[in-house]
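Below is one structure, written out as structure tokens; comments come after it.
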Amino acid sequence: MKKFIVPLLTLLSASGLVFAAPEMQHNASAPHVAEYHEAMASMHDDMMQGIGMSNPDAAFAAGMLPHHQGAVKMAEIELKYGKDPQMRQLAENIIAAQQAEIDLMQNWLRQYAKHQHD
């Protein structure tokens, strides 16, 4: 009997949180949802293509580059639709940090490609 009570209480507690916080419920028709889905799909497709490179360093950079670009895109969506000052500040910080790393990876990949043709 005890082994059924704990999962039941856990389920009831979790369902109470969902019903208590309507702003956390999913709304597939909200405009930001479609934009987040598009950003995620593009990011994952590009990441999977990038990690297929034969050189592990190049695969890392080519896989992480779209990951960072996706983070920037999602942060831009937050700035477009989000209202919470803390989340908006986080989005701005993400854009700044990720853009610096995007630049680094793009430069490294350009140098890598240049040396592959030497």
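The values are calculated or read from the model by the stated rules, or taken from the named source; none is laboratory data. What you see is a predicted model, and the numbers here were worked out from it, not measured in a lab. Cβ: placed from backbone, ideal geometry, glycine included. Neighbour counts: every protein chain shown.
For region 1-57, taking the residues that are exposed (fewer than 12 other Cβ atoms within 10 Å of the Cβ) and among the charged types (D, E, K, R), the one that is modelled with the lowest pLDDT is identified as 2. Based on this model, can you work out whether residue 97 counts as small (Gly, Ala, Ser), at pLDDT 95 or above and surrounded by 10 or more Cβ atoms within 10 Å (Cβ to Cβ)? Yes; evaluated as a whole, the condition is true for this residue.
Residue 76 falls short on exactly one of the conditions (1) over 28 Å from residue 110 (Cβ atoms); (2) of a type in the set (D, E, K, R); (3) surrounded by fewer than 19 Cβ atoms within 10 Å (Cβ to Cβ), and that condition is (1).
Just one of (1) in contact with a helix residue (DSSP H, G or I) (Cβ under 7 Å, 6 or more places away or on another chain); (2) outside any helix (DSSP H, G or I); (3) not basic (Lys, Arg) fails for residue 64. It is (2). Number of residues in region 79-93 that are closer than 17 Å to residue 35 by Cβ and surrounded by fewer than 18 Cβ atoms within 10 Å (Cβ to Cβ) equals 7.
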